[in-house]
Amino acid sequence: MKDIQKILETIKSCSQKAATKLIAVDGFGGSGKSTLTEKLVELYSSIKVVGLDKFPCLPTEHSYHSVGAQTRINLERFQNEVLIPLSEGKEARFQNTFWWPTDQAPERFTVQPGEIVLIEGCYSFHKDIRHFYDLSIWVDCAPDEAMERAVARDGESGRSLWEEAHAPNERQYVAAQQPQKYVDLIVFNVADKSFFIKAEHIT
């Protein structure tokens, strides 16, 4: 818990560009990003969390992978509906485009400006949107271990989705953009779901 508290204090004390402090929490699927954000919210309940997995491309925007999964995030929609409004002191409004039943309307969300907003998800520190953030965190975990954790979490029935679709795309993103080299904090998630700060790049 000591390092979680230190991470929170680092978030609270970092300088910010606007009324809303925007924090990226990036890492492979299964690395522990959601667990980290949950622990931070437990310590500081006014934190708001937006999951990037609510913004997958629609089938009309990008074809599904052959295993039946959408592997591409619509960063343009995410930027327009979340990052730009919040950075301008406006309310963010968006809907969940992730796997809703066809006979139901997608769930809608609003996020008020102000306080701290954690953007959680792989690709959240993509080079096209990095400039919006006041602080960035990479949750470090070996790709193979992260994938196995993701499968353990989602069930063996979803293994093909991870092995054939999500994991290869995530590895390609990390290999091409190396986000862990540019983040402010690298946080390591150990097996018992505790976290410690592995590196700090804050200047």
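The values are calculated or read from the model by the stated rules, or taken from the named source; none is laboratory data. None of these values were measured; they are calculated from a predicted model. Here Cβ is always computed from backbone atoms with ideal geometry, including for glycine, and neighbour counts include all displayed protein chains.
Assorted remarks:
- When residues of region 48-76 are limited to those that are of a type in the set (D, E) and not in a loop (DSSP other than H, G, I, E, B), the one modelled with the lowest pLDDT: D53
- Tally, over region 12-39, of residues that are surrounded by fewer than 22 Cβ atoms within 10 Å (Cβ to Cβ) and aliphatic (A, V, I, L, M): 2
- Whenever a residue of region 38-61 is farther than 21 Å from F94 by Cα, its partners that are of a type in the set (D, E, K, R) and at pLDDT 95 or above, lying with C-beta atoms within less than 9 angstrom and at least six residues away or across chains, give the pairs V41/K48; Y44/K12.
- Looking only at residues of region 5-47 that are among the aliphatic types (A, V, I, L, M), under 27 Å from A175 (Cα atoms) and outside any helix (DSSP H, G or I), we find that the one that is nearest to the chain's Cα centre (by Cα) is V25.
- Enumeration of residues in region 145-195 that are on the phi > 0 side of the Ramachandran plot and touching a residue at least 24 places away in the same chain (Cβ under 8 Å): K193
- Lone unmet requirement of (1) farther than 29 Å from K6 by Cβ; (2) in a loop (DSSP other than H, G, I, E, B); (3) in contact (Cβ under 8 Å) with a residue 40 or more places away in the chain for G114: (1)
- With respect to the conditions (1) surrounded by 15 or more Cβ atoms within 10 Å (Cβ to Cβ); (2) touching a helix residue (DSSP H, G or I) at 6+ places or on another chain (Cβ under 6 Å), T97 falls short on a single one, namely (2).
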